[in-house]
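Q: Handing you a structure now.
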Amino acid sequence: MEIQHFSHHHPLVFIQYHSVASKAALCLGCEKPVEGWSYGCNQCEFYLHNECAELELAPQIQHPFHPKHPLTLLPKSPYGDTNWCDLCGKRFQGFAYNCNDCGFDLHINCALLQSSIAANFPKSLHPHPFFFIQNHNNEVHFDCSGCQKPISGPFYHCSDCTYTKVFNLHKECAELPLEINHPCDRKHPNTLLPQPPTHPQKCSCSMCRIQWKGQNQVEDGMCRVCYLEVDTSYGSYRCSTSDCNYIAHARCATDKAIWDGTIMLEGYDERSEVVVDEPWNLITDVVEQIRIGELMVASEIKHSHHDHNLRLTFSGKTKDDDSQCDGCTGPISTPFYSCEQCKFFLHKDCAELPKQMPHPFHKHLLALSNSHDMFGYSCCNACGRWYQGFSYRCYEGNCSFEIDIQCILLLDTLKHPSHEHSLFLVHNNEGTSCSVCFETLGYVAYRCMKRCDFNLDVHCATLPLTAWYKYDRHPLTLTHFDDFEPYQYYYDLCEKERERNRWFYYCVDCDNSLHLNYAIGDLPYVKFGNEIKSFHKHPLTIVKNIWNCPSCKIKHDL
């Protein structure tokens, strides 16, 4: 059996079985390997699949992708050996539908895609009309302009956008809701945007932490899920409130695993349907207020963690220059609240700490606490330091997570003066060590995602940038690197050898270097004068120096 086909001048003979293994052959209609039944001209080595040969192809069609002119069926490219399909961008040599006036071409597979005009598509997402293509046949190899993943299944196509700026959307991406109330931002609705917003301030995805500034200035950032850079020209959800910077990528905001709770986002409390909005603090009563300009400030308060009233001080010093805040245990500085009957001090910021807050270090909501274990102190689960004063604790089930005030102030991204790039919070740190102290990283740490191999544990991340030492009258600066000569790799005050890559405190005026622990002490976050219990039979008082127990005259080094 033979047929006369428009694409070839010789008759084509029916071939019952054609093996590609026996002789390589491509169908000159669709350019795919020929196997099984086919038609061919052995004299010219011209072959067509049985299906391609028997296609009822109209000599001219009016195609929705090119409504201006009819397309004419051609047996091969009119431009020589190769041609480019204006839908999928692939190079081809087989059958083509061509508009000679416009130079518009579709290879046969794309021309036969079933398509229809998508009615009522939101103009806010794309200005041109869309065509819905139901029977995707793996010919289109572009990425979806919404989620950045390869086009597959039914999709929407814009025929007005050129090959250099093709716009395609998965069916599920094109049908995303224009506005959502996401579990991670219940305060405001989030509006779907096709491109980054023209926002005057820095915006970032609150789940994967990609950041950008303004319209086109992209700030370095890595996805908190896959740690890859993201092209911000793709779609995203943004909070509809003008003064809110909340941004989420489309694929993050619509992840079903996040909505149904299969995946728990860091810092999100699955117990609470309410995101902490206003800082409900532990000030139980405002006894007295004063006006400062247009603001009313509480000058005397009652606080949950002290029996007496606390009065506000804006300037001046305490009677004891070594006074410490009972909240963060740091040196007291104005403005602060104090008790006139006791040596109890609170920085104004510490007095106003919220009762509860979420944190990226832990998945449950944390509550402000002033309690400690039987010894009178606690260990922070983030930095590993012993501390006194306020902390945030988890009371969910058997969870015993606790974090001190220094660590609660850390965010999931960190810009530290020791490194040129932003550092990102990572929870899986097995087999990795800190680039500063060389200790094995804890369960949370910060990493650079720029292939710098720089890691920073929470202990080193919370080291104070300046410190004081009793034998130096100048402030000491935390120094992250040095260009000293090798013979100078010694600590000046203790005269011990110093590793070049280790951080140290340095006085520029006196040219003195000091070991970290010498500058801030072994217990930088405890309050001097407090009593603690230990395995010694008498209570111990925390002091700055080595001292004798008054009862047994035994020395104890704190």
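Q: Looking only at segment 111-144, which residues are in contact with a helix residue (DSSP H, G or I) (Cβ under 8 Å, 6 or more places away or on another chain) and modelled with pLDDT of 70 or more?
A: Once the filter is applied, which keeps residues that are in contact with a helix residue (DSSP H, G or I) (Cβ under 8 Å, 6 or more places away or on another chain) and modelled with pLDDT of 70 or more, segment 111-144 yields Phe130, Phe132, Cys144.
Q: Does Ile108 satisfy the condition of being of a type in the set (Val, Ile, Thr) and either at pLDDT 80 or above or over 48 Å from the mean Cα position of the chain (by Cα) (or both)?
A: no
Q: Looking only at segment 329-352, filter to residues that are buried (at least 22 other Cβ atoms within 10 Å of the Cβ) and touching a residue at least 60 places away in the same chain (Cβ under 8 Å); which one of those is farthest from His427 (Cα to Cα)?
A: Ala351
Q: Turning to a different aspect of this structure: When you look at Asp509, is it assigned to a loop (DSSP other than H, G, I, E, B), of a type outside the set (S, T, N, Q) and modelled with pLDDT of 80 or more, yes or no? Spell out how you get there, then give the answer.
A: Details: assigned to a loop (DSSP other than H, G, I, E, B): yes; of a type outside the set (S, T, N, Q): yes; modelled with pLDDT of 80 or more: yes.
Yes, satisfied.
The values are calculated or read from the model by the stated rules, or taken from the named source; none is laboratory data. These numbers come from a predicted model, not from an experiment. In this analysis, Cβ positions are derived from the backbone assuming ideal geometry, glycine residues included, and neighbour counts consider all displayed protein chains.
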